[in-house]
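The values are calculated or read from the model by the stated rules, or taken from the named source; none is laboratory data. Just so it is clear, the model here is predicted, and its values are computed rather than measured. Neighbour counts run over all protein chains shown; Cβ positions are idealised from the backbone, glycine included.
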Amino acid sequence: LESLEIVRGTSTNAVLRNTVDKVRESVSEGEAIAQPLGESGIFDDMVVNMVDVGEETGELDKMLMKVADRYDDEVDTTVTAMISILEPLLIVVMGIVVGFIVIALFMPLLELQGKMR
């Protein structure tokens, strides 16, 4: 119960806080953790099943570490994909900025050359 209170206190997401409250109530009544997690709809089935297996086998800590590792891998994959999309966009934007600077530098020179003729 103490760990669930810590999770609730550190979360800034209202939906997650409500889910943690439901899990805490469930645990205080002697029920499982996995059921309210599954009912919340914010965790995918794999997470709920891993928590359920962890409760049944008595190795909830190991299962939660596996869930955390899975989410870490998912975040790493998403960040890598976002970076691979942003890199070409940044190159194009920098090219446009450099183009404007070059045009801004050469326009006065071209005007002077035109006036000299």
Legend entry - helices (runs of 4 or more DSSP H) enclosed by the chain - at least 3 residues per element that are among the basic types (Lys, Arg): 14-28, 60-116
Inset, instruction - Within the range 72-93, identify whether any single residue is under 21 Å from residue 6 (Cβ atoms), free of Cβ contacts under 8 Å to residues at least 24 places away in the same chain, surrounded by 10 or more Cβ atoms within 10 Å (Cβ to Cβ) and not basic (Lys, Arg), and answer yes or no. - result: yes
Inset, instruction - Of all residues in the range 24-51, count the ones that are of a type in the set (Val, Ile, Thr) and either over 18 Å from residue 68 (Cα atoms) or under 17 Å from the mean Cα position of the chain (by Cα) (or both). - result: 3
Inset, instruction - Could you grab the pairs with beta carbons closer than 7 Å, sequence gap of 6+ or different chains, first residue in the range 38-64 and under 14 Å from residue 20 (Cβ atoms), second one outside any helix (DSSP H, G or I) and at pLDDT below 90? - result: 51/33
Inset, instruction - Select from the range 5-41 the residues that are buried (at least 17 other Cβ atoms within 10 Å of the Cβ), among the hydrophobic types (A, V, I, L, M, F, W, C) and out of contact with any Ser or Thr (no Cβ under 9 Å at 6 or more places or on another chain) and list them in ascending order. - result: 34
